[in-house]
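The values are calculated or read from the model by the stated rules, or taken from the named source; none is laboratory data. All figures in this text were calculated on a predicted structure; none of them were measured in a lab. Here the Cβ positions follow ideal geometry from the backbone for every residue, glycine too, while neighbour counts run over all protein chains shown.
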Amino acid sequence: MTLGVLAVLAMAFVMFAGFWTDWLWYRSVAYSSVFTTTLWTKIGLFLVFGLLMAVAVGVNIWLAHRLRPPLSAMSLEQQSLDRYRMSVAPYKKWVLLAITALVGLIAGASASGQWRTWLMYINGVPFGQKDPQFKLDVAFYAFDLPWYRFLLGFGFAAAVLSLIAAALTHYLYGGLRVTSPGARATGAATGHLSVLLGIFVSLKAVAYWLDRYGLAVKSSDFKATDNWTGLRYVDANAYLPAKTILFCIAAICAVLFFATLWRRTWQLPVIGFGLMVLSAILIGGLYPAIVQKFQVQPNEQAKEAPFIRKNIDATRDAYDIDDAQVDDYSGKSTTTDGAKLRADADAAASYRVMDPNVVSPAFQQLQQKRNYYQFPKTLDVDRYKGKDGKEQDTVIGLRELNLEGLPKRNWINDHFTYTHGYGAIAARGTTTGTNPTGSPDFTESGLPTTGELPKYEQRIYYGEKTEQYSIVGGPQKELDYEEDGEKTTSYKGNSGVSLSNAFNRAAYAVSFSEPQILYSGAIGEGSRVLYNRTPKERVEAVAPWLTIDGDAYPAVVNGRIQWVVDAYTTTNGYPYASRTTLGDTTADSLTTNQRAVVAQQNQVNYIRNSVKATVDAYDGKVKLYEWDTEDPVLKTWRKAFPGTVKAKGDIPQELMDHLRYPQDLFKVQRELLTRYHVEDPAQFYSGSDAWQVPDDPTNKEPGAVPPYYLSMRMPGQDEQKFSLTTTFTPKGRPDLGAFMAVDADAASDDYGTIRLLRVTTTVKGPGQVQSELNGNDDVAEFVRNLKGTDSDIEYGNLLTVPLDGGFLYIEPVYTRGGTQNYPLLRKVAASYGSKIVFENSLGEALNAVFGVEGSDTTTPPETEPPGDTTEPPATGEAALKRAIADAQKAYTEGEAALKENDWAGYGKAQEELQDALKRAAAAQPKPGSAADAPDKAADGADAADKAGEKGDDQGS
């Protein structure tokens, strides 16, 4: 008995642990209201609908038992069931309770999953727009109709289960007979079951009525577009009247079923039910098919034109593309003045030669510092002010923790010692560095980092790669960083949940399936557990009603690293707006699990970037800011969860400077604009001007070309704007069809303005430009020269910029391999009109493509490597001693770098060693000269040579 009680208590504690740890986490992030509102809503729905289902089924079982005939009236067939009745009789109350409890639990659990539907229904805010068919506010379809459909489904389930339970009870107690001659049902059973059937048919009548409104949000296959939503000609002229007629027939049929309470015969109800089924086939199925075949198909374009217009207007409004500006653009430049084109090219854009999708390995090799640090595979693009006070496009990435790189893996190291990353590394997007040449031009680097960024808290406890839990703040010290010796720290933030008491420790030991949490001596007073540490999962947890963008990006704001997370409100109930699947639409050639809305495979037909969220990289604090002040879906959720979303006016200006237009929203909009840039119904139906998003020509893996952030100037603009850009090709063709850009600077008055340049002539598309580049003689020679060096060519982002009526293509080209296993910018390709060039730098490429001569003003001059000078090398004993000392120092540094697997540092030390050896050899006196006397100098030269040989051996 004692063991049994203990087992039950243990099971109860396991179930309670999950609830308790969730409550503690929400309280730690100051969003306990989200937890309680969600919890009480689920409990309320569970109790209400579970009780309703239990009562409905239980009452009908009880009533069927109450209406059973006397035993003397039972047939021989029923008397054979005596043994079943006798076995149930002593436990009939418990059987009734068990059945009702089971169906109640199932129904309650199903209903609790509808908490979002309920909260949207009771808090719904009008859209202020009416659908064109029924003249109802869009809120009816977005908020009300889903709840009505849930209620209808629940009603059908209750009616069917009650009917089955009542029929079985009547049969068990003689009210129904199957094989016996004579009357098959008693009058009481007939009346009871007829009422239940009447309720079922009444619900069917309600379903027919709701189906009328459901036509406005119904998806169907249509030649004009995939995922068509809304009424078409056949819906408005056949299905809609059919649903109304079927509603009336079902209502009459339900009355006939109810009438059996007095007539005690099923003749009329059965006839009525048969007529309803026949009408559903003829009126609801055959008649619309006839209308489609003989009225619509012979002149489909004209018949469907009014409905296509409604679909176009609704879709453009639902995806916020109705204000997109579409301008014709020739794509062919009429300017022949190369000098003018060259000058205009400098003003047209800040050409980003550092591709954030390529240069991450360079960040890793040059700034990783330790194996237990890592950078994301794809870096981010942001804007920061340089030393001259001007904003510049910046490639940025955080040095996050990588547990796979730990020198030794164990529970203490994984969760107590190595707990955080360290520092933001940034580089200019438009220039390259000189050490080595072609590397990123770092504006913030080192460990700890220094550079142009303002002073900030560099420890990163919350990041995209930080998926494990850590226990901090207790007796166990954390490794802070290693540079000039090992530094330790102890977490000073107020994030996480306290483990100071035994109850919390036991709860987390169960929740994490880690018993050491309960008894480890590394946990004590002040210990806190940090978990749910990626920005995406933290925002999803505190705002479960939001859809999260796949690309959170870091920004240094007010002395802290803040993760900026774009969040969306969505619905699939916008009438007439075509649907899209977010997971498919947001995928491109760079999609990874970290950078896509992969979990969102549900279809939506309305989306707004309504919330900008931030997550502090040090203390994990989450803040939600209202962004779209007009979005009715956000207003609805703010009513449901008051106080969780701050006003737009509360966004600090320093944060505003780093907010940008989100990529996933842009990708959804560009996918819709491949068809919905056309507003003429006839042209839309024909599909003659349909576009497609081209495949990424620079990526070996298949996938759509990703959009690119770029500071550029669109035609008609006076200055460059931070923009998000993409290209289109005509459907089924490789040439350029259109160019799209959106003002991505949140501080700009034109933020969110979409501009489309529709190309009116035949212009090379991205794939064609890439093919021409691959076949270029200079490129072929460059590739041939790489074959013997174990190096590979790697193409960067193919940037497209409108310029003087034409399009300028710029593509950085990197090499990777050989002595350096990370990409270095070696060449820049440019194409304008029919000309394509392949040069050493951006400036040279622009000069060549426009046929002008001049200095390369876009890339800083390269500094000559140490010792590479036109002057004769210094000689004499002093120069020799200095060279030997430099060689010894380089050798020592090389060995230290080799132990740390720091290949970048080792390569640099080898270069310095070779330089020192050359200087030592040049400084040695010629044989027979007066300077030949000092033996010590000669011995030193020998030592330097040996050091060089040893260093080379180590390198091998």
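Among the candidates 825, 773, single out the residue that is among the aliphatic types (A, V, I, L, M), touching a residue at least 12 places away in the same chain (Cβ under 8 Å) and part of a helix (DSSP H, G or I). None of the other options fit; the residue is 773. The set of residues in the stretch 814-842 being among the aliphatic types (A, V, I, L, M) and out of contact with any helix residue (DSSP H, G or I) (no Cβ under 8 Å at 6 or more places or on another chain) consists of 825, 842. Cβ-Cβ contacts under 7 Å between residues 6 or more apart (or on different chains), taken from a first residue in the stretch 299-315 that is under 12 Å from residue 132 (Cα atoms) to a second residue that is surrounded by 20 or more Cβ atoms within 10 Å (Cβ to Cβ) and among the basic types (Lys, Arg), are listed as 307/232. Taken over the stretch 121-177, the residue count meeting the criterion of being in a helix (DSSP H, G or I), among the aliphatic types (A, V, I, L, M) and within 30 Å of residue 629 (Cβ to Cβ) is 5. Contact annotation: residue pairs with Cβ atoms under 8 Å, 6 or more positions apart or on different chains, pairing a residue in the stretch 335-347 that is surrounded by 13 or more Cβ atoms within 10 Å (Cβ to Cβ) with a partner that is aliphatic (A, V, I, L, M) and in a helix (DSSP H, G or I), are 335/341; 342/846; 345/846; 346/846. Taking residue 440 as the residue in question, decide whether it is within 26 Å of residue 360 (Cβ to Cβ), surrounded by fewer than 21 Cβ atoms within 10 Å (Cβ to Cβ) and not charged (D, E, K, R). Criteria not met by residue 440. Against the test of being within 23 Å of residue 663 (Cα to Cα) and out of contact with any His (no Cβ under 9 Å at 6 or more places or on another chain), the options 343, 348 yield a single qualifying residue, 348.
Can residue 473 be described as at positive phi and in contact (Cβ under 8 Å) with a residue 12 or more places away in the chain? Yes; evaluated as a whole, the condition is true for this residue.
Against the definition (of a type outside the set (Val, Ile, Thr) and farther than 25 Å from residue 208 by Cα), how does residue 279 come out, yes or no? No: the conditions fail for residue 279. Among (1) assigned by TED's automatic domain parsing to the domain that holds residue 723; (2) within 28 Å of the chain's Cα centre (by Cα); (3) surrounded by fewer than 18 Cβ atoms within 10 Å (Cβ to Cβ); (4) not basic (Lys, Arg), which single condition is residue 324 missing? Result: residue 324 fails condition (3) only.
Sort out which residues of the stretch 537-555 are buried (at least 22 other Cβ atoms within 10 Å of the Cβ) and closer than 19 Å to residue 401 by Cβ, and write them in order of number. Matches in the stretch 537-555: 538, 552, 553, 554.
Each row is one residue, and each column tells you yes or no for (1) out of contact with any helix residue (DSSP H, G or I) (no Cβ under 9 Å at 6 or more places or on another chain); (2) surrounded by fewer than 20 Cβ atoms within 10 Å (Cβ to Cβ); (3) closer than 20 Å to residue 170 by Cβ; (4) at pLDDT below 95.
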site	(1), (2), (3), (4)
39	no, yes, no, no
43	no, yes, no, no
47	no, yes, no, no
51	no, yes, no, no
69	no, yes, yes, yes
73	yes, yes, yes, yes
83	yes, yes, yes, yes
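Restricting 352, 383, 316 to residues that are at pLDDT 95 or above and either charged (D, E, K, R) or part of a loop (DSSP other than H, G, I, E, B) (or both) narrows the list to 316.
Checking each residue in the stretch 628-642 for being more than 15 Å from residue 539 (Cα to Cα) and either part of a loop (DSSP other than H, G, I, E, B) or hydroxyl-bearing (Ser, Thr, Tyr) (or both) picks out 628, 629, 630, 631, 636, 642. Take the conditions (1) farther than 30 Å from residue 261 by Cα; (2) loosely packed, with under 13 Cβ neighbours inside 10 Å; (3) modelled with pLDDT under 95; residue 13 misses just one of them, which is (2).
A quick yes/no check of all residues on (1) out of contact with any helix residue (DSSP H, G or I) (no Cβ under 8 Å at 6 or more places or on another chain); (2) over 19 Å from residue 478 (Cα atoms); (3) touching a residue at least 12 places away in the same chain (Cβ under 8 Å):
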residue	(1), (2), (3)
354	yes, yes, yes
372	no, no, yes
377	no, yes, yes
382	yes, yes, yes
390	yes, yes, no
394	yes, yes, yes
399	no, no, yes
403	no, no, yes
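Just to be sure before I move on: is residue 818 free of Cβ contacts under 8 Å to residues at least 12 places away in the same chain and either more than 33 Å from the chain's Cα centre (by Cα) or not assigned by TED's automatic domain parsing to the domain that holds residue 714 (or both) in the structure I sent? It is false that residue 818 is free of Cβ contacts under 8 Å to residues at least 12 places away in the same chain and either more than 33 Å from the chain's Cα centre (by Cα) or not assigned by TED's automatic domain parsing to the domain that holds residue 714 (or both). Selection of the stretch 592-617 for residues being farther than 16 Å from residue 545 by Cβ, buried (at least 20 other Cβ atoms within 10 Å of the Cβ) and at pLDDT below 75 yields 595, 596. Determine whether the stretch 726-738 contains at least one residue that is buried (at least 16 other Cβ atoms within 10 Å of the Cβ) and within 21 Å of the chain's Cα centre (by Cα). Yes, because at least one residue in the stretch 726-738 is buried (at least 16 other Cβ atoms within 10 Å of the Cβ) and within 21 Å of the chain's Cα centre (by Cα). Scanning the stretch 330-340 turns up one or more residues that are of a type in the set (A, V, I, L, M) and either within 23 Å of residue 800 (Cβ to Cβ) or assigned by TED's automatic domain parsing to the domain that holds residue 720 (or both). Among the residues making up the stretch 540-554, those that are in contact with a helix residue (DSSP H, G or I) (Cβ under 8 Å, 6 or more places away or on another chain), farther than 17 Å from residue 646 by Cβ and not in a loop (DSSP other than H, G, I, E, B) are 541, 547, 548. It is to be established whether one or more residues within the stretch 382-391 are crowded, with 18+ Cβ neighbours inside 10 Å and touching a Phe, Trp or Tyr at 6+ places or on another chain (Cβ under 8 Å). Yes, the stretch 382-391 contains at least one residue that is crowded, with 18+ Cβ neighbours inside 10 Å and touching a Phe, Trp or Tyr at 6+ places or on another chain (Cβ under 8 Å).
Residues are listed down the side, and each one gets a yes or a no for (1) more than 26 Å from residue 356 (Cβ to Cβ); (2) outside the structural domain of residue 225 (by TED's automatic domain parsing); (3) surrounded by fewer than 20 Cβ atoms within 10 Å (Cβ to Cβ):
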{"position": "642", "(1), (2), (3)": "yes, yes, yes"}
{"position": "652", "(1), (2), (3)": "no, yes, yes"}
{"position": "675", "(1), (2), (3)": "yes, yes, no"}
{"position": "696", "(1), (2), (3)": "no, yes, no"}
{"position": "700", "(1), (2), (3)": "no, yes, yes"}
{"position": "704", "(1), (2), (3)": "no, yes, no"}
{"position": "712", "(1), (2), (3)": "no, yes, no"}
{"position": "715", "(1), (2), (3)": "yes, yes, yes"}
{"position": "719", "(1), (2), (3)": "no, yes, yes"}
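Looking at residue 345, is it part of a helix (DSSP H, G or I), closer than 27 Å to residue 678 by Cβ, modelled with pLDDT of 90 or more and not acidic (Asp, Glu)? No: the conditions fail for residue 345. For the structure I just gave you, tell me whether residue 843 is at pLDDT 90 or above, at positive phi, out of contact with any strand residue (DSSP E or B) (no Cβ under 7 Å at 6 or more places or on another chain) and not hydroxyl-bearing (Ser, Thr, Tyr). In short, no. Of the residues 483, 478, the single one that is surrounded by 20 or more Cβ atoms within 10 Å (Cβ to Cβ), charged (D, E, K, R), outside the structural domain of residue 893 (by TED's automatic domain parsing) and within 30 Å of residue 893 (Cβ to Cβ) is 478.
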